[in-house]
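In what follows, a structure is listed as structure tokens, so that the remarks can point back to it.
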Amino acid sequence: MASESPEDTTSAWEGNEGYGGAEYHQASHTEQHSLHQPVQERSTSIDPAFNAPGESPSPSDVDEDGDEYDPESITITTTAPAPVAPSASKKRKKAGGFIVGSSDDEDDTPPAAPSNTLKPNTDDVPSHTFSHSPLQQSNTMNDAAQVRNGHGVSAVPAPQNQGTVPSKSRLPADVIGILEDRVNNDPRGDMDAWLSLIEEHRRRNMILETRAVYERFLKVFPQSAEIWVQYLDMELSLDNFSEAERIFQRTLMSVSHVQLWTAYLNYIRRRNDLNDPSGQSRQVVSQSYEFVLDNIGQDRDSGHIWQDYIQFIRSGPGQIGGNSWQDMQKMDVLRKAYQRAICIPMANLNTLWKEYDQFELGLNKVAGRKFLQERSPSYMSARGANTHLDNIIRGLQKTTLPRLPPASGFDGERDYLEQVELWKKWIAWEKDDPLVLKNDEPDTYRSRILHVYKQALMAVRFWPEMWVDAAEWCFENNIVSKDGKDAGLEFLVEGVAANPESSLLALKHADRIESTHPTGEGEDGKEALGLAVRAPYDKVLDTLYDMVKKLKDNEVAVIAKIENDPSLAITNDAEYDEDEGEVLDRTSKETIKKDRIKTVQDGFAVQIQMLSQQISYLWIALVRAFRRIQGQGKTSGGVRAIFMEARKRGRLTSDVYVAIAHIEGDIYQDPVATKIFERGAKLFPEDEHFMVAYLKHLHSKHDTTNARVVFSQTVKRFKEKPELAPKLKPLYAYFHGYEAKNGELAQIKDLEKQMAEAFPEDPALAHFSARFSSDRFNPIATRVIISPATQMQSKNIMQSIEQQQQQRAVTTSIRGSPHPSALASPKPQFMQPQGVNSPKRPFIDEPDDYSNPPRKMARGVSPLKGAAGRRLDQQRRAGAAPTAPISRDITFLLGLIPPAHQYDGSAPRYRADAITRLIRDTHVPDFKEWQGHQTQGHQTQGLRTDWRQQQQQPQPAASWPNQWDNQQGWRNDWPNM
């Protein structure tokens, strides 16, 4: 693909002639050519769609459009490896940085082994001067070396399958070679291959090879603390202390993991003898403990480090409880260590508190109780928080060997998302400040949250949202690392290094740079800002383009493997007389081979299309960023320069053309927007969404004539291919909506007729009602409510038990019967049916009829067995009073109360709480007590007479009830019986 000169580019934009050529990409929605066609059909030097029917390309057309942009990017050649210079009559195809061959070099018969090789073209490799971080440079070093190897070494062809399955096969005994191939093919995904390779080298005692594999592994997974510890143990086993110290320098401040810091303490204690009479070694170990606890002491798994530190203090010189200065100093240091440890939620928190309690009370009980009372609230908060946190993160896997997240809908996705949610819950729990540190100890509060973020990113390293969440929290709280750098920006840089293909991290990084980068004056300041903002975009775009290239190489390799499959080979023997069965076998093999190749091509096409979408939207974001920074860029830079570069690199979808056209037309009011749409219509003639956007643009310019022409031509083209028929629906929907608002009735009816013929499955009135409806309301489909009582009845399939009870209560109140209903009667009740009525026999809906009761009786409570039953039996034998049942008179009273739905707004309602208190405080005698009172009726009658006579005489109001209470034991309300 030839590049454009600045003069041609300027004239193309200013003269509105840069989009006049007809680049017609027949069956793809991207600017890159698809690999879904046979090899012979793709090996053409000039796209026939460049010329209109009956026309030949003029030199001006070729210079203006052909050299400016070529929609095809990848084709497969069948020529010799040595490149041949293109002739004057036929243009050599170049796209995406690769020479793609010529039709003159094709053979009529396909070769046995494909020799199609993608050769890098050094003229089209973009060279950027943007600076990257060391991590970014290390990740792209190998790819850059491969590209540089193509410069000036044209005699050596590029490898056919870089980063794919190797062409040579390995023997089953070559375990290391097989594992190396797996690691090279999938460095971030095949964790099992990495671990097996390390284990195999260590088993064979290959120290140099093992060290090299460790270094390669830790470049991909730099925060894998478990592997760092294994690497360290190997070096320490060889007494290679200098290498061990180098590992500590590389990891301690960047990998916040208890296991690694524990290994550091073990190394310090190993190198420093505590029996040193000078005491220098003990001081070094003590300082190391303080250093470790300051960095990792807030971890909930650091309990054993605190325990070791306390034991280390206890073993030091001095005696606890002594009176010398050394003894007092030891007690102070030990008390301080205990007080720091008991405030941290850890597994051994209770053990540390008990030891602290014994320590304080052993020195002085009075002073000890004072110290314990002061620290008790912090300990209780830490203990409760530890229990709560255990419940929150139950099931969390705190691993440092990250796995790639499974694709949506595939195996393992739910488990992975559950782990992500558990980490988010833990982070949210820390932000809620359960230890009450935000106001009193803000540094500790922030360090705990930051530590949990680092722990989470070790486990879910390949989850970009977690990196962005951590960076956002650091930006909001102005977190600065210990070396004075922006912690949030460091999270973004490390996240991009871990996920170079992530659009989210790249966009967030670029947004941060654009927001915080110092703005210079003049064009130099704009250029510097543009270079800084563009660096994250270049990183992710290079990664995605490399992924597309790798998929292309894999597709070629897989197709070649199918072509060379011996089971599908066809014997070509001219002297061999084929019978009917052999002809059928040949045909079936050809069909199987074609089906397999088609399946492979379709699978790779889906992946490439997804990457093309990512690439296109990144270019759109970059164009918008440069519009804000450098503007339109008629002479250099700006929107147009980025668009030109995007077209040269290829893999663009129609969304890029739509976005650029809107920027030119809506923001700058430039008529070149129409030219961009015309170019896109020729590149993406079968993209219905682009055609709808094109029609909207024409209508916004009030160009209804051309809009109708574009619509009619598009519909005609889609109808010629049955597979494109479903794509007509959005076109018809938009154009019908526009004509319904602004067109004539005849045109509207004609469109509706066409829509009815094209989509016979749609309802008859759907197109007619679409004229008058909007996204929020449809006046035709909406029903007008005329009679709410008739039209708005609730849906009841079968009456529930509550409704049946309400109907029975209504029937009882209407009849005026004073006796209780069947449901409210105190006599033993039959089991009421639960749920719906049984279909086996009719349900008895007669509340007063007991002649035919249900067969099942209410079942008594079965006795409990085991420990619970024994406890209840002991309580019964001990004389525990059982709960008294509700009296049948109260049950009768409650049965007379009407249900709640029978009360209107004006009628008073019963208060449930008042009725409950009345029932609770009212003494109702049982039947035996009432019968005993009836036998004393004559005495009761005399007492009533005397009482009435006393009521007629003046006396204190509270004197008579007490007399009868003393004589008969009756309560104050017995005369009312």
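The values are calculated or read from the model by the stated rules, or taken from the named source; none is laboratory data. Quick caveat, the model's predicted, so the values are computed rather than measured. Cβ coordinates were reconstructed from backbone atoms using ideal geometry, including for glycine residues, and neighbour counts include every protein chain displayed. Surface areas here come from the heavy atoms of the whole protein model, side chains and all, with no ligands, DNA or RNA. Shrake-Rupley method; radii C 1.70, N 1.55, O 1.52, S 1.80 Å.
Observations, loosely collected:
- Summed residue charge, Cβ within 14 Å of TRP429's Cβ, Lys/Arg positive, Asp/Glu negative: +2
- Exceeding the 31 Å Cα-Cα cut-off - candidates LYS634/LYS729; LYS550/LYS589; LYS552/LYS721: LYS634/LYS729
- Put a plus charge on the Cβ of each Lys and Arg, a minus charge on the Cβ of each Asp and Glu, and nothing anywhere else: the dipole of the range 376-488 about its Cα centre is then about 320 debye.
- Put a plus charge on the Cβ of each Lys and Arg, a minus charge on the Cβ of each Asp and Glu, and nothing anywhere else: the dipole of the range 635-728 about its Cα centre is then about 280 debye.
- Fraction of accessible area attributable to carbon and sulfur, the range 654-769 (%, probe 1.4 Å): 56
- 3J(HN,Hα) couplings calculated from phi for the range 709-720 with the Karplus curve 6.51 cos²θ - 1.76 cosθ + 1.60 (θ = phi - 60°) are, in sequence order, 5, 4, 5, 5, 5, 5, 4, 5, 5, 5, 6, 5 Hz; Gly and Pro show x.
- A simple rule links phi to the HN-Hα coupling: the Karplus curve 6.51 cos²θ - 1.76 cosθ + 1.60 with θ = phi - 60°, which for the range 212-228 gives 5, 5, 4, 5, 5, 5, 6, 6, 7, 10, x, 10, 7, 4, 4, 6, 4 Hz, with x for Gly and Pro.
- Net length gained if the chain between GLU199 and ALA557 were fully extended (0.36 nm per residue, minus Cα distance): 125.8 nm
- R0 of 25 Å, Cβ-Cβ distance THR591-GLU723: FRET efficiency to nearest 0.05: 0.75
- Measuring nothing but protein heavy atoms, the accessible surface of the range 508-554 at 1.4 Å probe radius is 50 percent carbon and sulfur.
- Each 5 Å bin from zero holds the following percent of Cα-Cα pairs in the range 278-330: 4, 18, 23, 22, 18, 10, 4, 1.
- Calculated FRET efficiency for the pair ILE667/LYS219, C-beta based, R₀ 51 Å, to 0.05: 0.70
- Charge dipole magnitude, Cβ of K and R +1, D and E -1 - the range 646-687, Cα centre, debye nearest 20: 360
- Highest mean packing first, where packing is the average number of other Cβ atoms within 10 Å per residue, the peptides 918-926, 286-294 line up as 286-294, 918-926.
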